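The values are calculated or read from the model by the stated rules, or taken from the named source; none is laboratory data. Only a predicted model underlies this, so the values are computations on that prediction, with no experimental measurement involved. Please note: Cβ atoms are built from the backbone with ideal geometry, for glycine as well, and neighbour counts cover all protein chains shown.
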Amino acid sequence: MTATEPGTLRLLVVDGGKCIGCRACSSLWPEISCALSFSDKGPQRTIKFPRAFEEFEARIAESLAEVCPTGAISIVLTDERPEEESFALSFEMIRCRRCRTPFATEGEMKYIIERLPKDLQAPNSAISWMEICPSCRRSVERDAAARDLIVARSGARR
Amino acid sequence: MEIYVDLGRCICCHACEVACEREHGEPNISVEAVRYRASVPVSCHQCEVAPCALVCPSGALAKGASSVSFEAEKCTSCGLCLLVCPFGAIDMDSTSMVHKCDLCPEREVPACVLTCPTEALLYGDQEDATKELRRRAARRIAQSYAAAVGRDRA
């Protein structure tokens with residue numbers, strides 16, 4: 001360990017229990033997107049965080065804590081340089097019921113469903129849209145509208 | 001105010017997408033043909049109970065009097081709005097910018113509606129738009145009835 005000026009290093013602490021694996025921190029600034037990377041591989045999302053920020057990067061560290069929707073990111077001042085340069089969090093992803101593509105983490109789903117009004121959360125209600133991915137939702141809506149139109153047109157021809 | 005669609009008139013020409021892209025740099029409406037038999041444009045429904053605005057952690061998406069507004073400056077690009085929209089009508093581009101139909105606030109009528117060559121897209125409040133849609137449906141019924149009567153006489 002190399003000692004630097006006392007308390008000038010910003011240590012990034014991420015609460016794994018609070019982090020839902022969204023894109024807020026990783027899409028913050030293009031400059032740090034190389035240090036803070038976000039990748040979806042199959043049913044697994046991995047977010048790689050840099051462990052510490054230098055003093056001149058203090059603003060970046062603060063904004064990371066600000067954009068996090070769940071307050072999972074906090075910054076601790078330290079004077080000891082940590083051994084590892086980065087650390088990663090992994091998330092299991094939920095697959096679309098229609099096309100089987102993984103599209104959201106369990107944490108994201110939970111965060112969203114908690115914020116929807118109760119009448120949308122009733123069993124067998126319209127909340128089932130949450131089980132399919134956004135692009136399938138577009139297709140489902142388009143197919144339903146098209147079906148109505150095709151039926152109406154064939155009725156008119158008779 | 002909302003964009004309404006008279007599906008029977010849509011010819012899948014994509015003019016609405018092009019007009020929107022020219023206005024916003026990215027199309028916020030998408031039109032596709034379904035099995036070559038019908039084409040359906042899909043864009044933001046400006047939901048009355050808007051899940052995107054309920055979920056948005058930064059207040060970038062907000063439910064206004066007659067539409068759901070989006071303020072890019074407040075957006076953190078967390079992507080939760082994309083995941084909650086029941087219609088898949090919100091997009092994120094390669095630079096993590098969120099895109100959604102804003103009904104072209106600087107125009108009297110949205111660019112897509114102005115451009116639509118068959119007037120399949122209508123802009124107005126529910127009463128005006130459904131009145132026009134009913135008028136068109138009634139005319140279609142009357143025309144097919146007139147044609148059927150003509151055939152019988154011949």
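Just a few scattered comments:
- Residue in the range B:73-94 that is among the basic types (K, R), outside any loop (DSSP other than H, G, I, E, B) and over 21 Å from A:R142 (Cβ atoms) present: yes
- Applying the criterion of being at pLDDT 70 or above and more than 15 Å from B:C85 (Cα to Cα) to the residues of the range A:115-131, the residue that is farthest from the other protein chains (Cβ to nearest Cβ) is A:K118.
- Filtering the range A:71-92 to residues that are without any contact (Cβ under 8 Å) to a residue 60 or more places away in the chain and in contact with a helix residue (DSSP H, G or I) (Cβ under 7 Å, 6 or more places away or on another chain) leaves only A:E92.
- Answer residue from the range B:73-87, given it is at the interface with chain A (Cβ under 7 Å from one of its Cβ atoms) and farther than 20 Å from A:P117 by Cβ and is nearest to the chain's Cα centre (by Cα) among those: B:G79
- Check on A:E106, under 25 Å from B:G88 (Cβ atoms) and within 14 Å of chain B (Cβ to nearest Cβ): yes
- Residues of the range B:35-46 satisfying the condition of being more than 7 Å from chain A (Cβ to nearest Cβ) and more than 13 Å from B:I3 (Cβ to Cβ): B:R35, B:Y36, B:S39
Here's the yes/no breakdown for (1) farther than 30 Å from A:G71 by Cβ; (2) touching a residue at least 40 places away in the same chain (Cβ under 8 Å); (3) out of contact with any Pro (no Cβ under 6 Å at 6 or more places or on another chain):
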residue: B:G8; (1), (2), (3): yes, yes, yes
residue: B:C20; (1), (2), (3): yes, yes, no
residue: B:N28; (1), (2), (3): yes, yes, yes
residue: B:R37; (1), (2), (3): yes, no, yes
residue: B:P41; (1), (2), (3): yes, yes, yes
residue: B:C47; (1), (2), (3): no, no, yes
residue: B:G59; (1), (2), (3): no, no, yes
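- The set of residues in the range A:93-104 that are outside any strand (DSSP E or B) and touching a residue at least 12 places away in the same chain (Cβ under 8 Å) comprises A:C96, A:R97, A:R98, A:C99, A:T101.
- Checking the stated criteria, B:I3 turns out not to satisfy the condition of being surrounded by fewer than 18 Cβ atoms within 10 Å (Cβ to Cβ), among the β-branched types (V, I, T) and more than 9 Å from chain A (Cβ to nearest Cβ).
- Reported count of residues in the range B:126-143, each being more than 15 Å from B:G8 (Cβ to Cβ) and under 13 Å from the mean Cα position of the chain (by Cα), is 0.
- Only residues that are surrounded by fewer than 10 Cβ atoms within 10 Å (Cβ to Cβ), among the acidic types (D, E) and outside any loop (DSSP other than H, G, I, E, B) were counted in the range B:99-154, giving 2.
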